[in-house]
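Quick notes on the structure that follows.
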Amino acid sequence: VFLLIEDFSKAMSQAGSSQFQEVIRQELEYSMKVELDKILATASSNELEHTKKDLEGFKKLFHRFLQEKGPSVDWGKIQRPPEDSIQPYEKIKARGLPDNIASVLNKLVVVKLNGGLGTSMGCKGPKSLIGVRNENTFLDLTVQQIEHLNKSYNTDVPLVLMNSFNTDDDTKKILQKYSHSRVKIYTFNQSRYPRINKETLLPIAKDVSYSGENTECWYPPGHGDIYASFYNSGLLDNLIAEGKEYIFVSNIDNLGATVDLYILNHLMNPPNGKRCEFVMEVTNKTRADVKGGTLTQYENKLRLVEIAQVPKAHVDEFKSVSKFKIFNTNNLWIALSAIKRLQEKNAIDMEIIVNPKTLDGGLNVIQLETAVGAAIKSFENSLGINVPRSRFLPVKTTSDLLLVMSNLYSLNAGSLTMSEKREFPTVPLVKLGSSFTKVQDYLRRFESIPDMLELDHLTVSGDVTFGKNVSLKGTVIIIANHGDRIDIPAGAVLENKIVSGNLRILDH
């Protein structure tokens with residue numbers, strides 16, 4: 001009897017606590033609605049429509065955020081994907097190309113995610129406007145690639161940029177320089193969502209403005225927002241009306257994400273006659289990629305699992321290169337008609353990513369985001385394609401920038417390919433220290449980019465500069481201690497060397 005009473009009281013207290021939680025949730029939602037209505041009331045007539053859409057979208061996301069607790073995957077249900085659900089690229093390439101590849105290309109739209117700023121590399125303005133190679137920016141290279149495609153096949157593949165309120169103005173100004181190129185360029189904007197105070201869970205914005213001191217009140221909610229904002233912009237319908245069928249989506253800073261004709265042909269002319277609505281390019285993990293999202297089988301669907309969704313006890317297992325061999329490159333091929341259908345049914349399901357930030361004044365906020373690849377489970381007949389590593393060449397840091405500026409790569413019609421003179425297909429591991437973090441500091445420290453064809457590993461730390469025509473081979477480690485400076489002289493050849501201490505070679 002005592003045990004029964006104990007069980008009963010435990011059950012009652014649990015029921016009480018879940019009721020209590022429900023009351024709190026309702027109160028939070030109500031308070032949020034009141035605050036959002038106040039913000040909306042400050043919108044001018046020409047801002048009203050899109051601000052309303054943004055805040056509606058945010059309200060849905062906030063509602064889900066309050067419902068969901070803890071990691072969003074049940075680890076016990078995660079299985080390896082079935083063999084045929086991730087195809088090797090070689091198999092897709094082996095099918096060759098049809099004679100009418102131009103008609104297939106004319107069904108394609110290239111979409112680049114262009115919402116990010118270059119702040120992590122010490123630059124102001126959109127990241128896509130950072131010079132990457134021979135004065136060319138990420139955007140220049142993208143336009144050159146598509147222009148080359150359109151000229152070579154006499155096609156009309158358009159470029160669509162998904163901007164954010166941070167990058168839109170600067171990007172539009174620069175687009176005028178491509179007005180004579182053979183590429184139609186369209187833009188649409190990501191939603192603009194309010195950052196919320198971590199303690200009160202209320203927006204820190206008091207009105208709709210996002211300039212001056214209000215810049216920190218708003219954020220673009222991750223690239224998962226592409227489905228809603230592409231649809232809301234009207235551009236999705238226009239492209240479908242023009243006969244376009246697939247988009248190829250990738251990050252603008254991934255220089256390996258060029259249009260692949262073999263993958264496109266596989267989508268348009270599937271060997272089994274059944275078209276895929278969603279293809280994710282994955283590639284094999286190396287030790288450097290252990291945190292990348294991976295494709296799994298979950299409740300009979302392909303599902304992208306990110307490290308943030310993994311219960312703490314299983315994080316090491318998730319990072320294992322032997323169990324989860326691949327990761328998502330964020331190069332995605334998606335059917336336009338499927339986006340439209342799912343968007344109209346409100347059926348695109350993406351996990352919420354809670355991104356905590358500390359603002360300049362020290363205030364802790366959270367922003368609720370989603371990731372474009374997480375929607376894979378909402379589409380029919382999804383597929384992973386295991387592509388060569390060369391299709392994943394992101395430039396996130398100046399260490400990455402050094403690789404793509406060097407003679408490891410040759411540039412042709414906007415595309416970078418590994419130099420034939422490099423004896424093995426992997427890139428060297430490069431770690432530049434904090435003195436190189438900002439692009440302008442990095443550029444100042446290299447009189448010219450070293451010859452890196454025979455380099456395996458480079459670590460540089462402290463106040464180090466490189467003269468002209470330096471050659472780096474094997475493993476090179478250069479460490480200037482605090483207060484010391486190392487100048488690598490022009491023409492120096494460093495092969496399997498550790499340089500430390502203080503080295504100044506003066507011209508006289």
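Some points to look at:
- For PHE278, solvent-accessible area (1.4 Å; no DNA, RNA or ligand), Å²: 0 Å²
- Cα centroid separation, the range 360-404 to the range 410-446 (Å): 20 Å
- Sorting HIS148, HIS457, HIS180 by solvent-accessible area of protein heavy atoms yields HIS180, HIS148, HIS457, largest first, with a 1.4 Å probe.
- Classified by the C-alpha gyration tensor, the range 203-349 has an oblate form. Its axis ratio a/c, with a ≥ b ≥ c, is 1.5 or above, and a/b does not exceed b/c.
- Under Karplus coefficients 6.51, -1.76 and 1.60, residue-wise ³J(HN,Hα) of the range 398-412 in Hz, glycine/proline x: 5, 5, 5, 4, 4, 4, 6, 7, 8, 7, 5, 10, 10, 10, 9
- Between the range 184-216 and the range 449-473, the C-alpha centres lie 42 angstrom from each other.
- Contact order, relative form, for the range 75-391: 24 percent (alpha carbon pairs under 8 Å, 6 or more residues apart, mean separation divided by residue count).
- For the chain, the per residue solvent-accessible surface stands at 49 Å², with DNA, RNA and ligands left out and a 1.4 Å probe.
- Over the chain, DSSP H runs of length four or greater, each weighted -39,500 (n - 2.57), average out per residue to a 222 nm ellipticity of -9000 deg cm²/dmol.
- Here the range 53-127 and the range 230-253 have alpha carbon centers that stand 14 Å from each other.
- Dipole magnitude of the range 398-500 about its Cα centre (Cβ charges: Lys, Arg +1; Asp, Glu -1), debye to nearest 20: 140 debye
- Remark: the range 257-270, residue by residue, has Karplus-estimated 3J(HN,Hα) of 8, 9, 5, 9, 5, 5, 5, 4, 5, 4, 5, 7, 10, x Hz, where x stands for each Gly or Pro and the curve is 6.51 cos²θ - 1.76 cosθ + 1.60 at θ = phi - 60°.
- The accessible surface of the chain, taken with every protein chain in place and a 1.4 Å probe, is 51 percent carbon and sulfur.
- Length-normalised contact order for the range 398-500 - Cα pairs under 8 Å, 6+ apart - percent: 22 percent
- By DSSP, the beta bridges lying fully in the range 378-508 are antiparallel in about 15 percent of cases.
- Beta bridges assigned by DSSP with both partners in the range 33-183 are antiparallel in approximately 40 percent of cases.
- With K and R counted +1 and D and E -1, the other residues having a Cβ less than 15 Å from that of LYS431 yield a net charge of +1.
- A simple count of charges around THR286, restricted to other residues whose Cβ falls under 11 Å of its Cβ and scoring Lys, Arg +1 and Asp, Glu -1, yields +3.
- Only beta bridges with both residues in the chain are counted; by DSSP, about 45 percent of them are antiparallel.
- Cα-projected label distance for TYR153 with ILE307, points at 7 Å along beta-carbon direction, nm: 3.6 nm
- Note on ASP456: accessible area approximately 70 square angstrom, rounded to 10, probe 1.4 Å, nucleic acids and ligands left out.
- Overall form of the range 352-442 per C-alpha gyration tensor (a/c, 1.5; a/b vs b/c): oblate
The values are calculated or read from the model by the stated rules, or taken from the named source; none is laboratory data. All of these numbers come straight from a predicted model, not from anything done at the bench. Methodologically, a virtual Cβ is constructed for each residue, glycine included, from the backbone with ideal geometry; neighbour enumeration extends over all protein chains shown. Surface accessibility is based on the protein's heavy atoms, side chains included, excluding ligands, DNA and RNA. Shrake-Rupley method; radii C 1.70, N 1.55, O 1.52, S 1.80 Å.
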